[in-house]
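The structure appears below as structure tokens.
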Amino acid sequence: MTDTLTSVKAIERMPLGLARPGFRGHIDAITVAGDASGTAPGEVERRLLELGFVEGASVEVLHEGPLGRDPIAVRVNDTTIALRRREAMAIMVT
């Protein structure tokens, strides 16, 4: 039974950067890989945490930019934040 629950949870977990407007969920983890902008992964993680992207926080995708769907506007708890999609890819949500 535990294996079934684990696999279902893995299917539901996705990067916030792939979510479409109207998506609502909770932050599961911050997982920063290398960043093309030249910013160190630790720095990106620190910035996201300072903005309120912490485990368990509720998140909703409000809007996306017209060209390339970038940036996206998200509501984290009661705060609205514009975020680059490449940064949103580091935020895992369920």
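The values are calculated or read from the model by the stated rules, or taken from the named source; none is laboratory data. Computed from a prediction, not measured in an experiment: that's the story for all the values here. Positions of Cβ are backbone-derived with ideal geometry, glycine not excepted, and every protein chain shown enters the neighbour counts. Areas reflect the complete protein model, heavy atoms only, side chains present, ligands, DNA and RNA absent. Shrake-Rupley method; radii C 1.70, N 1.55, O 1.52, S 1.80 Å.
Regarding residue 50, is this residue outside any strand (DSSP E or B), under 24 Å from residue 12 (Cα atoms) and open to solvent by 30 Å² or more (accessible area, probe 1.4 Å)?
Values: outside any strand (DSSP E or B): yes; under 24 Å from residue 12 (Cα atoms): no; open to solvent by 30 Å² or more (accessible area, probe 1.4 Å): yes.
Against the criterion (outside any strand (DSSP E or B), under 24 Å from residue 12 (Cα atoms) and open to solvent by 30 Å² or more (accessible area, probe 1.4 Å)), residue 50 does not qualify.
What number of residues within region 56-94 are on the phi > 0 side of the Ramachandran plot and touching a strand residue (DSSP E or B) at 6+ places or on another chain (Cβ under 9 Å)? Before you say what the answer is, go through the steps one by one.
First, pick out the residues of region 56-94 that are on the phi > 0 side of the Ramachandran plot: 56, 68-69, 77.
From the residues that got through so far, the ones that are touching a strand residue (DSSP E or B) at 6+ places or on another chain (Cβ under 9 Å) too are 56, 77.
Total satisfying the criteria: 2.
List the pairs whose first member sits in region 72-94 and is without any contact (Cβ under 8 Å) to a residue 12 or more places away in the chain and of a type in the set (Gly, Ala, Ser), whose second member is surrounded by 15 or more Cβ atoms within 10 Å (Cβ to Cβ) and assigned to a loop (DSSP other than H, G, I, E, B), and whose Cβ atoms are under 7 Å apart, counting only residues at least 6 apart or on separate chains?
82/71
Here is a yes/no grid of residues against (1) open to solvent by less than 80 Å² (accessible area, probe 1.4 Å); (2) of a type outside the set (Lys, Arg); (3) part of a strand (DSSP E or B):
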site	(1), (2), (3)
55	no, yes, no
62	yes, yes, yes
67	no, yes, no
70	yes, yes, no
81	yes, yes, yes
86	no, no, no
92	yes, yes, yes
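Hey, residue 42 hits all of (1) at pLDDT 95 or above; (2) in a helix (DSSP H, G or I) but one; which does it fall short on?
Residue 42 satisfies all of (1) at pLDDT 95 or above; (2) in a helix (DSSP H, G or I) except (1).
Could you count how many residues in region 53-82 are closer than 21 Å to residue 31 by Cα and not β-branched (Val, Ile, Thr)?
Total satisfying the criteria: 12.
Counting just the residues of region 63-94 that are under 13 Å from the mean Cα position of the chain (by Cα) and basic (Lys, Arg), which one comes out farthest from residue 18 (Cα to Cα)?
The residue in question is 75.
Say we look at region 1-36 and pick out the residues that are under 19 Å from residue 72 (Cα atoms) and modelled with pLDDT under 65; which of these is surrounded by the fewest Cβ atoms within 10 Å (Cβ to Cβ)?
Applying the filter and picking the extreme gives 36.
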